[in-house]
1. Is there a residue in segment 390-397 that is part of a loop (DSSP other than H, G, I, E, B) and over 21 Å from Y191 (Cβ atoms)?
2. Sort out which residues of segment 354-372 are under 24 Å from the mean Cα position of the chain (by Cα), of a type outside the set (A, V, I, L, M, F, W, C) and open to solvent by 10 Å² or more (accessible area, probe 1.4 Å), and write them in order of number.
3. Among residues belonging to segment 88-137 that are within 9 Å of the ligand (Cβ to nearest atom) and of a type in the set (A, V, I, L, M), point out the one that is farthest from G260 (Cα to Cα).
4. With G260, G298 as the choices, which residue is within 14 Å of the ligand (Cβ to nearest atom), within 20 Å of A221 (Cα to Cα), part of a helix (DSSP H, G or I) and in contact with a Lys or Arg (Cβ under 7 Å, 6 or more places away or on another chain)?
5. Hey, R10 hits all of (1) of a type in the set (K, R); (2) loosely packed, with under 10 Cβ neighbours inside 10 Å; (3) more than 24 Å from Y225 (Cβ to Cβ) but one; which does it fall short on?
6. Taking V375 as the residue in question, decide whether it is in contact (Cβ under 8 Å) with a residue 60 or more places away in the chain, among the β-branched types (V, I, T) and open to solvent by 10 Å² or more (accessible area, probe 1.4 Å).
7. So which strands (runs of 3 or more DSSP E) are wholly in segment 90-192 and hold at least 2 residues that are open to solvent by 30 Å² or more (accessible area, probe 1.4 Å)?
Amino acid sequence: MHLIPTHRGRPSDDPIFTAHQEATRRKARGEPIVDATIGVLLDDDGRLAVLPTAVRIVSEVPALEWATYAPIAGTPEFRRAVIDELLAGAPALRENALAVATPGGSGALRHCVANFLEAGQAALTTSWYWAPYRTLCDESDRSLDTFTMFARGGANRLDVDALDAAVARHLATQGRALLFVNDPAHNPTGYSMTDDEWGAVVDRLAARASEGPITLVVDCAYMLYGPREPGRVAAALQPLAGKVPVLFAWSASKSYTHYGLRIGALVACVADPRERAMVESAFSYSCRGTWSNCNRGGQAAITRLLTDPAAAGACNSEREALKTSLRARVDAFNALAQRRGLSYPRYDGGFFVTVFHDDALAKAAQMQEHGVFVVPQVLPEGGGALRVALCAVASRDIPRLVDALA
Ligand code: PLP
């Protein structure tokens, strides 16, 4: 056997894509299927919802832009445009910000794992989390550790005590802590933190900053789909400037409905100029050592969408229309699910919601028999849930979906 032992037996397929393929296969046979597995926004006819202005701007990028290499760390215009968009309302972070282009938010998360943890160390995130976090850590010979996301009996408040205790534990045992927080519209729960909750997290991290290096990564893949103003998270994090480096895994996938374009960025706000220069070099080095550079045409298109006022304005109103139809699904789900007594966290917008269920695997299998596909999740410490991708479910199917869940 030539494959190294630690890489043998790795699953080639992602469970979400496998469930989605099965749903698609049965749909093609003519079965009436509700497929709530896949995290892309579909319209009520099951077609990918795309922003027409983004499609037009991508098609207007000249052929030579697509053909030419981009600089290793991304084009300067793209990097500047992302910083400006993300940190417009957070001057204390913006003045110390740097960015590199990455293939989606996934690439940004990859660079965080590789540069803020030594091999063998663990990143930290909420007990409900997007499964590729673990894959990304595993792939870089790091691991993933979690803290209880919601305190017992309360699914409407982040368990800040658990977060704080886990950060303290990582500082004590491995001398550093790398914390991933996916907000707003957390995948898989749909939970969006309030300003108060972010304030509490900021207080705890600031209080621990003298105990060792803490790095906070905000995975903001769904930042334009949350219930509050998109700039509020960055604004709330400003008190960390100079104490805890704040990083953002930024993605154009959902914001511009161009998932396959693979454009994202890692933005890092590092107060100390010497450290900032070192971080920037380390990121460039990581780019060179992984994907070399990201496609230049995609960066050109997204830069234009971010900076051309007419294009940005058109995208905003087209996205608002998508959000309004997603919101109608969320409202319909909430009304029916509450009536049926389903247990799930506060859900006020976003692609997903997670319904708690003690026997999630059996429940998901039983739902599949009835033609309704969701993604089961089981926590190692006990408890389970079903992730429901409302983004992919037509409004007319929501009553059937809730029936199956109940
Ligand atoms: N983070 C979360 C929580 C996600 O759900 C996704 C995509 O599904 C991403 C990050 C990254 O997506 P991409 O690499 O397409 O930007």
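1. yes
2. Selection gives H357 alone.
3. L109
4. Just one listed residue meets the conditions, G298.
5. If we test R10 against (1) of a type in the set (K, R); (2) loosely packed, with under 10 Cβ neighbours inside 10 Å; (3) more than 24 Å from Y225 (Cβ to Cβ), just (2) comes out false.
6. yes
7. Output list reads 143-147.
For (1) modelled with pLDDT under 95; (2) within 13 Å of the ligand (Cβ to nearest atom); (3) open to solvent by less than 10 Å² (accessible area, probe 1.4 Å), each residue gets a yes or a no:
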residue: P213; (1), (2), (3): no, no, no
residue: M223; (1), (2), (3): no, yes, no
residue: P227; (1), (2), (3): yes, no, no
residue: L240; (1), (2), (3): no, no, yes
residue: K254; (1), (2), (3): no, yes, no
residue: A265; (1), (2), (3): no, yes, yes
residue: A277; (1), (2), (3): no, no, no
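The values are calculated or read from the model by the stated rules, or taken from the named source; none is laboratory data. All of these numbers come straight from a predicted model, not from anything done at the bench. Note that we place each Cβ from the backbone using ideal geometry, even for glycine, and neighbour counts take in every protein chain shown. Just so you know, the surface numbers come from the protein's heavy atoms only, side chains and all, with ligands and any DNA or RNA stripped out. Shrake-Rupley method; radii C 1.70, N 1.55, O 1.52, S 1.80 Å.
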